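One structure is given here, and the rest of the page talks about it.
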Amino acid sequence: MCGRFVIASSPQLLVDRFGVEEELVGEREPDYNVTPRAVVPVVRERTPRRDDPDGPTTRVLSPLRWGLVPSWADSPSIGDRMINARAETVRDTRAYASAFARRRCIVPADAFYEWLKIEVPGRKTPVRQPWIVRRRDGEPLAFAGLWEIWRDESVADRDDPDAWLRTFTIITTRANALLARVHDRMPVVLDESAWDAWLDPSFADLGALQSFLTTAPDEWFDTYEVSPRVNSPQNNDAGLLRPVAA
């Protein structure tokens with residue numbers, strides 16, 4: 001799974017890296033300990049507006065909340081259980097099928113965390129040691145994601161921005177050999193060759209889309225142990241990225 005990640009890259013860097021045409025995020029501080037419900041920059045394609053159906057599709061970098069809330073949900077709290085979607089079942093699961101077909105996104109990240117359970121003599125419960133995973137080439141990771149929009153019926157005015165909540169989930173798959181020693185799942189990290197088709201809402205070959213959801217190769221990544229300070233969401237600084245002695 002993916003329960004914490006890092007997004008420290010500037011919006012401008014993400015605009016340049018992912019070919020974004022419109023940036024809607026604005027200035028933001030680096031987030032070294034992203035947790036569910038956090039609002040972070042996400043790359044997606046915005047279809048033409050209703051008042052201009054012949055207008056262009058635009059690639060945007062926009063702020064979305066982590067934890068997907070389906071359009072049919074009674075409450076946004078359901079998103080707390082939907083921070084990850086399994087690649088093996090995402091295409092057919094009710095909560096994700098519609099988004100898989102038409103609302104796919106890329107979630108940029110500079111790194112993500114996983115926890116290794118270590119049995120310690122004399123302790124009833126294992127110690128959870130955090131590890132960090134980054135790209136070896138220093139480029140941002142491109143997590144495969146899905147996004148949704150949810151209507152808050154308690155807000156009477158549909159034109160009120162507070163009436164709409166945009167959320168996302170990160171798709172996971174089985175871990176590669178490098179990461180399997182820490183956890184059996186990892187985010188789907190899309191190869192650059194898949195970005196355009198994955199983001200295109202008109203691309204309807206579900207089989208091809210499913211084929212993108214593979215395990216990224218070991219050689220893309222570096223991983224090392226970091227401080228247990230990351231366990232607390234209140235800790236959010238660049239020091240969380242420093243390696244610690246085993």
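The values are calculated or read from the model by the stated rules, or taken from the named source; none is laboratory data. Quick caveat, the model's predicted, so the values are computed rather than measured. Heads up, the Cβs are rebuilt from the backbone with ideal geometry, glycines too, and the neighbour counts pull from every protein chain shown.
Taken together, the residues in segment 24-65 that are in contact (Cβ under 8 Å) with a residue 24 or more places away in the chain and either farther than 17 Å from TRP195 by Cβ or assigned to a loop (DSSP other than H, G, I, E, B) (or both) amount to 18. A single entry from LEU199, LEU213, LEU165, LEU206 fulfils the requirement of being of a type in the set (A, V, I, L, M) and in contact with a Phe, Trp or Tyr (Cβ under 7 Å, 6 or more places away or on another chain): LEU165.
Only a single item in (1) more than 18 Å from the chain's Cα centre (by Cα); (2) surrounded by fewer than 12 Cβ atoms within 10 Å (Cβ to Cβ) is not met by THR89, and it is number (1). Among the residues of segment 92-114, those identified as in contact with a helix residue (DSSP H, G or I) (Cβ under 9 Å, 6 or more places away or on another chain) and surrounded by 19 or more Cβ atoms within 10 Å (Cβ to Cβ) are ALA95, PHE100, ARG104, CYS105, ILE106, PRO108, ASP110, ALA111, TYR113, GLU114. Taken over segment 14-23, residues that are under 21 Å from ILE170 (Cβ atoms) and assigned to a loop (DSSP other than H, G, I, E, B) amount to 2. Only residues that are part of a strand (DSSP E or B) and farther than 15 Å from ALA142 by Cβ were counted across segment 218-233, and they come to 5.
Annotation note: of ASP205, ASP196, ASP191, the sole residue that is surrounded by fewer than 16 Cβ atoms within 10 Å (Cβ to Cβ), touching a Gly at 6+ places or on another chain (Cβ under 9 Å) and either modelled with pLDDT of 95 or more or over 29 Å from PHE100 (Cα atoms) (or both) is ASP196.
In segment 74-84, of all residues being in a loop (DSSP other than H, G, I, E, B) and modelled with pLDDT of 95 or more, the one that is nearest to CYS2 (Cα to Cα) corresponds to ILE83.
Determine, yes or no, whether THR215 is polar (S, T, N, Q), surrounded by 14 or more Cβ atoms within 10 Å (Cβ to Cβ) and not in a strand (DSSP E or B). Yes. Cβ-Cβ distances below 6 Å connect the following pairs, each with a first residue in segment 8-20 that is more than 10 Å from LEU61 (Cβ to Cβ), a second residue that is surrounded by fewer than 16 Cβ atoms within 10 Å (Cβ to Cβ), and a separation of six or more residues or different chains: ALA8/PRO30. On the stretch given as segment 92-128, residues that are assigned to a loop (DSSP other than H, G, I, E, B) and either closer than 26 Å to LEU179 by Cα or over 17 Å from the mean Cα position of the chain (by Cα) (or both) total 11. The conditions of being touching an Asp or Glu at 6+ places or on another chain (Cβ under 9 Å) and either of a type in the set (D, E, K, R) or farther than 20 Å from MET82 by Cβ (or both) are met by PRO30.
Determine, yes or no, whether GLY79 is under 29 Å from ASP159 (Cβ atoms) and touching a helix residue (DSSP H, G or I) at 6+ places or on another chain (Cβ under 7 Å). Here the answer is no, as GLY79 does not meet what is asked.
Residue pairs whose Cβ atoms lie under 9 Å apart, separated by 6 or more positions or on different chains, with the first residue in segment 102-129 and over 22 Å from ARG174 (Cβ atoms) and the second in a loop (DSSP other than H, G, I, E, B) and among the small types (Gly, Ala, Ser), are ARG102/SER202; ARG102/ALA204; PRO108/SER9; ASP110/ALA8; ASP110/SER9; ASP110/GLY138.
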